[in-house]
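*Asks:* Sending over a structure as structure tokens; questions will come in a sec.
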Amino acid sequence: MINLLRGARQKLARLRPVRVPDAPSRPFRDLWPGDAARGARLLRGEADFAGTIRPMRLATEGGEPWGGKGASPAWRASAHGFAWMRDLRALGTDAARLRARAFTADWLQTGWEEDIADAPEVVGARISAWLGHWDFFAATAEDVFRRQVMQRLAQDARDLVGALPAEDEHRGALVALKGALAAAVALEEDAYLQRAIRFLPAEIERQFLPDGGHIERSPAQQLAALQDLIEIRNLLHGVGVEAPPHLLAALDRAAPALRLFRHGDGGLALFNGAREENSALLDLVLTQGQARGRGALELPETGFQRLQAGRTVIIMDAGPPPRGRGATTGLGGLPSGADRFAHAGTLSFEMSIGRDRLIVNCGAAPAGEEGWRDALRATAAHSTLVLSDTNSSELRPEGLGRKPETVEVERQEATGAQWLEVSHDGWRGPFGTVHRRRLYLAESGDDLRGEDVLEMPPDAPVPIFVARFHLHPAVTANLLQDESAVLLRLASGAGWKLRAKGARVALEDSIYLGGEARRSLQIVLYAEENEVSLQWAITRVSLPGAVPIPDA
């Protein structure tokens, strides 16, 4: 019934005539820096979206620029949403400008025919990209080209506004609303503007939890959604419309929430589809957001905890995964639930010391092919416990199936030391088991103690369980001969040791996709037979040749 109503609204919207001006009436420029290296790659016929590189060539060059065979829905959405325009602009050459025009002309001729091009989040992203980069790729182009772009933009705006509110339960609905607002301003369509503003408070309320975290529980989506809020605020200010209180309140909450996810190097922690991102971009977003106050130490509704002492930072996924919508997908196979990028990483944590990352999750390939994407979504790709090679959440292409329903958290602090006790029931169905993880961080930050416990019915068979600690590629690791501990040297030269009780310690291969794919190592603790708990510690030690680094 909902889809029927949506289709009816879209058909009615398309019956209305569309006014097509010669150019946007109000110029505005995209706020965010692109990546010149990715722009140069586009000139060579390849596009990099979130670390997944695929050919992207013009049809006249014999290519399939809008995804082609084998591209994931997320990759194709980025292509059709013109996310790459920012990178060509960062390159800034005449060749880049002409390439942007050529791709746009190609899309206007053939790309628009794909279903995914009409998905609300894709339309919203494309409108924002065209308007935000108008002076770069269109302002000095030929009249015919500009007219074609404006014709399509006006048609898309009419359809997008007529279909509001978007039904997606993830950030895509906010992107669609942002695109509608941008089009209303650029086309001077007051009716569009009023309709979009009417839906804005409810959408913001739906997107952001009371603690400021985003519903997708992803540091990457937290960053992107904060950027959306900033752009929406600026659009409204540009036309003299006072931003609604919901928008200003969300900005005030979302910025401290974003700070919780930052390591000492300024980049993001790797949870639920996130990659490190550029620290300069994060600084710019926080500045543009006029963020006030310190970062949060816990996000109780979103479900993340941060421990910080001395130079040590611990960031932990301590909440249930985001809600999904079963097997529901939208146009072009795009997932519609808030769990679209969710990983099976409940109770995983990351650890950094100063600017050095030590314990990490493996990262993500949200625009990659399904097999590779799901390998990085698996529990084994996170620094947490794994039972019998079974994920704590069931991975599906559109999100998650079985998953933890109850995650309990208790946090305590005393004289600078901090404790966390967290549990989840994601393995209750397969094994009748609850995983409980306890962390203790000393006041100095030089001593992290942990315990992983299985709570299960009496006489139930104990599943095989291991604890994994993925290491950042810059960390050098050496296993002691008695397999009781691993010596670790950070990039700065500082020494640490991980030791365990109740488990055999092993050092195995891993991979890191916080940015460019790199080989790395992981420490694996194999619990002793029929053991239901294991204890471990990560402590600072002196290594030969290490240079002492004072506490900040």
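The values are calculated or read from the model by the stated rules, or taken from the named source; none is laboratory data. Please read all numbers here as calculations on a predicted model, not as lab measurements. Cβ: placed from backbone, ideal geometry, glycine included. Neighbour counts: every protein chain shown.
*Asks:* Which condition number in (1) hydroxyl-bearing (Ser, Thr, Tyr); (2) assigned to a loop (DSSP other than H, G, I, E, B); (3) under 30 Å from the mean Cα position of the chain (by Cα) is the one that Ser444 fails?
*Replies:* With respect to (1) hydroxyl-bearing (Ser, Thr, Tyr); (2) assigned to a loop (DSSP other than H, G, I, E, B); (3) under 30 Å from the mean Cα position of the chain (by Cα), Ser444 is out only on (3).
Residue by residue, here is whether (1) of a type in the set (A, V, I, L, M); (2) in contact with a Pro (Cβ under 9 Å, 6 or more places away or on another chain); (3) under 29 Å from Glu64 (Cβ atoms) holds:
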residue: Glu114; (1), (2), (3): no, no, yes
residue: Ala129; (1), (2), (3): yes, no, yes
residue: Ala141; (1), (2), (3): yes, no, yes
residue: Gln155; (1), (2), (3): no, no, yes
residue: Gly162; (1), (2), (3): no, no, no
residue: Lys178; (1), (2), (3): no, no, yes
residue: Glu188; (1), (2), (3): no, yes, no
residue: Glu203; (1), (2), (3): no, yes, no
residue: Pro210; (1), (2), (3): no, yes, no
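*Asks:* Pull up region 460-500, narrow it to residues that are surrounded by 14 or more Cβ atoms within 10 Å (Cβ to Cβ) and of a type in the set (D, E, K, R), then point me to the one that is farthest from Gly429 (Cα to Cα).
*Replies:* Ranking the qualifying residues of region 460-500, first place goes to Arg489.
*Asks:* Let me ask something else. Pick out the one residue from Ala491, Ala506 that is of a type in the set (A, V, I, L, M) and in a loop (DSSP other than H, G, I, E, B).
*Replies:* Within the list Ala491, Ala506, the selection yields Ala491.
*Asks:* Suppose we filter region 42-68 for residues that are of a type in the set (S, T, N, Q) and outside any helix (DSSP H, G or I); how many remain?
*Replies:* 1
*Asks:* Quick check on this structure: which one of Ala191, Ala183, Ala257, Ala243 is in a loop (DSSP other than H, G, I, E, B) and either surrounded by fewer than 24 Cβ atoms within 10 Å (Cβ to Cβ) or touching a residue at least 40 places away in the same chain (Cβ under 8 Å) (or both)?
*Replies:* Sole residue among the options that is in a loop (DSSP other than H, G, I, E, B) and either surrounded by fewer than 24 Cβ atoms within 10 Å (Cβ to Cβ) or touching a residue at least 40 places away in the same chain (Cβ under 8 Å) (or both): Ala243.
*Asks:* On the given criteria, is Trp112 among the aromatic types (Phe, Trp, Tyr), surrounded by fewer than 22 Cβ atoms within 10 Å (Cβ to Cβ) and in a helix (DSSP H, G or I)?
*Replies:* Answer is yes for this residue.
*Asks:* So which of Gly39, Gly124 ends up being of a type outside the set (Asp, Glu), modelled with pLDDT of 95 or more and either under 28 Å from Ser336 (Cβ atoms) or not in a helix (DSSP H, G or I) (or both)?
*Replies:* Gly124
*Asks:* With Arg217, Arg198, Arg233, Arg206 as the choices, which residue is of a type in the set (D, E, K, R), under 20 Å from Ala176 (Cα atoms) and in a loop (DSSP other than H, G, I, E, B)?
*Replies:* Only one candidate passes the filter, namely Arg217.
*Asks:* A further question follows. Scan region 74-107 residue by residue and report those that are in a loop (DSSP other than H, G, I, E, B) and among the aliphatic types (A, V, I, L, M).
*Replies:* Within region 74-107, just Ala83 meets the criteria.
*Asks:* Continuing with this model, one more query. Is it the case that region 278-298 has a residue that's in a strand (DSSP E or B), in contact with a Pro (Cβ under 7 Å, 6 or more places away or on another chain) and not assigned by TED's automatic domain parsing to the domain that holds Ala375?
*Replies:* Scanning region 278-298, I find no residue that is in a strand (DSSP E or B), in contact with a Pro (Cβ under 7 Å, 6 or more places away or on another chain) and not assigned by TED's automatic domain parsing to the domain that holds Ala375, so the answer is no.
*Asks:* Can you name the residue in region 324-337 that is at pLDDT below 85 and in a loop (DSSP other than H, G, I, E, B) and is also nearest to Ile359 (Cα to Cα) among such residues?
*Replies:* Applying the filter and picking the extreme gives Gly324.
*Asks:* When you go through Ala477, Ala467 one by one, which is the residue that is outside any loop (DSSP other than H, G, I, E, B), under 22 Å from Leu507 (Cβ atoms) and touching a Gly at 6+ places or on another chain (Cβ under 9 Å)?
*Replies:* Ala467
*Asks:* Next question. Met456 is checked against (1) surrounded by fewer than 17 Cβ atoms within 10 Å (Cβ to Cβ); (2) out of contact with any strand residue (DSSP E or B) (no Cβ under 6 Å at 6 or more places or on another chain); (3) more than 30 Å from Ala517 (Cα to Cα); (4) not aromatic (Phe, Trp, Tyr) and fails just one. What number does that condition carry?
*Replies:* Looking at each condition in turn, Met456 falls short on (1).
*Asks:* Now a separate question. Any residue at all in region 408-418 that is in a loop (DSSP other than H, G, I, E, B), out of contact with any helix residue (DSSP H, G or I) (no Cβ under 8 Å at 6 or more places or on another chain) and surrounded by fewer than 20 Cβ atoms within 10 Å (Cβ to Cβ)?
*Replies:* Within region 408-418, one or more residues are in a loop (DSSP other than H, G, I, E, B), out of contact with any helix residue (DSSP H, G or I) (no Cβ under 8 Å at 6 or more places or on another chain) and surrounded by fewer than 20 Cβ atoms within 10 Å (Cβ to Cβ).
Every residue, every condition in (1) under 15 Å from the mean Cα position of the chain (by Cα); (2) closer than 26 Å to Asp190 by Cα; (3) of a type in the set (Asp, Glu), yes or no:
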position: Gln222; (1), (2), (3): yes, no, no
position: Leu235; (1), (2), (3): no, yes, no
position: Ala291; (1), (2), (3): no, no, no
position: Thr302; (1), (2), (3): yes, no, no
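*Asks:* Now for a different question. Within region 256-288, count every residue that is within 20 Å of Asp30 (Cα to Cα) and not β-branched (Val, Ile, Thr).
*Replies:* 10
*Asks:* Does any residue of region 120-136 turn out to be over 22 Å from Ile232 (Cα atoms) and surrounded by fewer than 22 Cβ atoms within 10 Å (Cβ to Cβ)?
*Replies:* Checked against the condition, which is being over 22 Å from Ile232 (Cα atoms) and surrounded by fewer than 22 Cβ atoms within 10 Å (Cβ to Cβ), region 120-136 yields no hits at all.
*Asks:* Could you please find all residues in region 33-62 being out of contact with any Asp or Glu (no Cβ under 9 Å at 6 or more places or on another chain) and more than 17 Å from Phe137 (Cβ to Cβ)?
*Replies:* Residues satisfying the conditions are Arg44, Glu46, Phe49, Ala50, Glu61, Gly62.
*Asks:* While we're on this one: Given the options Ala83, Ala154, Ala102, name the one that is modelled with pLDDT of 95 or more and closer than 25 Å to Ala196 by Cα.
*Replies:* The conditions single out Ala154.
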